[in-house]
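Structure, as structure tokens:
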Amino acid sequence: MKNKVTATACSIYQSAAGFGIVAANDSGLVAHHLPFGAHSAAEALELAATLHPQAVAESSLTREAVAVLARYFAGERVTFELPLQLEGFTRFQKSVYSVVAAIPYGTVLSYLQVALHCGCPGGARAIGGAMARNPLPIMIPCHRVVATSGVMTGFTAPGGVASKRELLSMEGVELDRTGRFFWG
């Protein structure tokens, strides 16, 4: 289940992929909804009102986050040094999110590699479970985690695996014609 922390502020942004939403409270960002699902500002505002009904205004944090995300989706190499609110997640999930948040732009790790970094060598499936619950894609770049075989698997964001491929390609990660990553 996703983070149950209440958002008190929300902002939307536009990219070539659509309109994204960022939600936060006084402690940090609580959710990022990728732009692949909302194709108009009205659609994004409606989705934000449904998902975050108590977030009736923007905050300086949500405005800063959407500015950085707009730059990211414009193809700029950015770093996300914004506070994240991960209350309600397990210690293991937080460990996974910490490892994944440190994966550099344009770089890919396998679920197994992330599991090893978390001290859980047999936990590749558990890593996938944590990624499926990631409330802050891009800030916690779960799109940079692929199967050991290089196959794109399980991306729960709108657009699914196709969105994952699009994000990796945008970051300059080379994929073969079938959309598979080969370890070099």
For Lys164, work out the one condition from (1) surrounded by fewer than 16 Cβ atoms within 10 Å (Cβ to Cβ); (2) without any contact (Cβ under 8 Å) to a residue 60 or more places away in the chain it doesn't fulfil. (1)
Would region 162-181 turn up any residue that is of a type in the set (Lys, Arg), under 23 Å from Glu64 (Cα atoms) and either touching a helix residue (DSSP H, G or I) at 6+ places or on another chain (Cβ under 8 Å) or part of a loop (DSSP other than H, G, I, E, B) (or both)? no
Name the residues in region 1-37 that are among the β-branched types (Val, Ile, Thr) and surrounded by fewer than 23 Cβ atoms within 10 Å (Cβ to Cβ), would you? Val5, Thr6, Thr8, Ile12
Filter region 105-117 down to residues that are buried (at least 19 other Cβ atoms within 10 Å of the Cβ) and out of contact with any strand residue (DSSP E or B) (no Cβ under 7 Å at 6 or more places or on another chain), then give me how many there are. 1
Members of region 51-70 that are at pLDDT 95 or above and over 18 Å from Gln85 (Cβ atoms): Ala67
Pairs please, first residue from region 42-65 and more than 10 Å from Ile12 (Cβ to Cβ) and touching a residue at least 40 places away in the same chain (Cβ under 8 Å), second anywhere and surrounded by fewer than 16 Cβ atoms within 10 Å (Cβ to Cβ) and polar (S, T, N, Q), Cβ atoms under 9 Å, 6+ apart in sequence or on different chains. His52/Thr6; Gln54/Thr6; Ala55/Thr6
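Please report, ordered by residue number, the helices (runs of 4 or more DSSP H) entirely within region 21-117 with at least 1 residues that are β-branched (Val, Ile, Thr) and within 15 Å of the chain's Cα centre (by Cα).
Where helices (runs of 4 or more DSSP H) fall fully within region 21-117 and carry at least 1 residues being β-branched (Val, Ile, Thr) and within 15 Å of the chain's Cα centre (by Cα), they are 60-73, 91-101.
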When you look at Leu51, is it within 22 Å of Thr156 (Cβ to Cβ), surrounded by 14 or more Cβ atoms within 10 Å (Cβ to Cβ) and hydrophobic (A, V, I, L, M, F, W, C), yes or no? yes
All but one of (1) hydrophobic (A, V, I, L, M, F, W, C); (2) at pLDDT 95 or above; (3) surrounded by fewer than 16 Cβ atoms within 10 Å (Cβ to Cβ); (4) under 21 Å from Val5 (Cβ atoms) hold for Ala102; state the number of the condition that does not hold. (4)
Scanning region 120-143 residue by residue, those surrounded by fewer than 23 Cβ atoms within 10 Å (Cβ to Cβ) and in a helix (DSSP H, G or I) turn out to be Ala124, Arg125, Ala126, Gly128, Gly129, Ala132
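The values are calculated or read from the model by the stated rules, or taken from the named source; none is laboratory data. The shown structure was predicted, so the numbers you read here are calculated from the model rather than taken from an experiment. Ideal geometry is used to build each Cβ from the backbone, glycine not excepted, and the neighbour counts take in all protein chains shown.
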